[in-house]
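Quick note: the coordinates plus some simple rules give every number you see, no bench work behind them. Here the structure is a predicted model, which means the values were calculated and not measured. Cβ sites come from the backbone with ideal geometry, for glycine too, and all protein chains shown count toward neighbours.
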Amino acid sequence: MDYNSNRKKLVLPEYGRHIQKMVNHAVTVEDRTERRRCADAIVAVMGSLFPHLRDINDFKHKLWDHLAIMSDFKLDIDFPYSLPEAENFTTKPERIPYDDQKMHYRHYGILVERLLGEAVQMEDGAPKDRLISAAASHMRKSLMSWNNDFATDERLVQDIKELSDGKLIVTAAQVRQSGGRDTKSQTNRNTRQQNSRDTQNRKPHFVRKNTN
């Protein structure tokens with residue numbers, strides 16, 4: 001049996017193996033005029049595979065680029081468009097260094113620590129309180145994305161103190177003013193409201209009396 005796993009890997013699998021065979025044949029055609037006719041026919045078939053993309057700008061240009069790529073840039077014809085550089089498909093991109101900044105809690109991120117660090121340097125007043133409030137609001141949202149039960153005011157107060165090395169002492173009331181609510185009480189309230197709606201929507205159960 002001739003399995004696809006034993007065949008040569010396709011350059012652009014979305015076009016299928018038959019299109020790739022047509023491209024390979026076009027490369028071997030000796031007559032230049034006939035080779036161009038083969039290329040035109042192949043591009044027409046490639047375009048018919050994706051009719052919903054015909055209205056996209058540069059659709060034809062992309063098809064000819066794909067034809068060149070599938071031929072490994074060996075198809076010697078007069079292309080109607082400028083082709084991409086072959087080196088761009090053979091050279092590996094430069095390695096992106098990993099940002100390994102140390103953080104106390106990764107679920108908060110480095111920006112929260114920087115915000116609290118800026119708040120430590122500020123003088124007491126409304127601007128400092130607003131900055132702490134913004135940091136606390138973001139911290140609450142980050143906690144809620146992991147587990148609603150952990151996003152309590154007491155947890156935020158303790159974490160702000162720890163992330164600021166004990167230099168920012170806030171109260172639960174200050175944290176609550178950051179725009180969030182105590183998550184446990186809010187969760188319990190939502191549960192009670194849902195149970196109440198379920199009770200109201202529950203259909204009564206009638207028992208048919210046996211008349212025999």
(message) Which of 45, 29, 112 has the fewest other C-beta atoms within 10 Å, and how do the rest follow up to the most?
(response) 45, 29, 112
(request) May I have the extent of the alpha carbons of the range 9-88 along their three principal axes, as whole Å values ordered from largest to smallest? (result) 34, 26, 26
(message) Give me the percent relative contact order of the range 1-87, please, defined on Cα pairs under 8 angstrom at least 6 residues apart.
(response) 32
(request) Calculate, axis by axis, the spread of Cα positions in the range 110-185 along the three principal axes, and write the results as whole Å, longest axis first. (result) 33, 23, 17
(message) I'd like the Karplus ³J(HN,Hα) series for the range 142-152: coefficients 6.51, -1.76, 1.60, θ = phi - 60°, whole numbers in Hz, and an x wherever there's a Gly or Pro.
(response) 5, 5, 5, 5, 9, 6, 4, 5, 8, 7, 9
(message) Can you pull out the trypsin sites (Lys or Arg not before Pro) in the range 95-143 whose DSSP state is coil and whose Cβ has at most 15 other Cβ atoms within 10 Å?
(response) 95, 102, 106
(request) Count the net charge of all other residues whose Cβ sits under 11 Å from the Cβ of residue 7, scoring Lys and Arg as +1 and Asp and Glu as -1. (result) +3
(request) Give me 139, 46 ranked fewest to most by other Cβ atoms within 10 Å of their Cβ, as a rough exposure proxy. (result) 46, 139
(request) Distance between Cα centroids, the range 26-42 to the range 118-167: provide it in whole Å. (result) 68
(request) Rank by packing, highest mean first: peptides 86-94, 71-79, 19-27, with packing defined as the count of other Cβ atoms within 10 Å averaged across residues. (result) 19-27, 71-79, 86-94
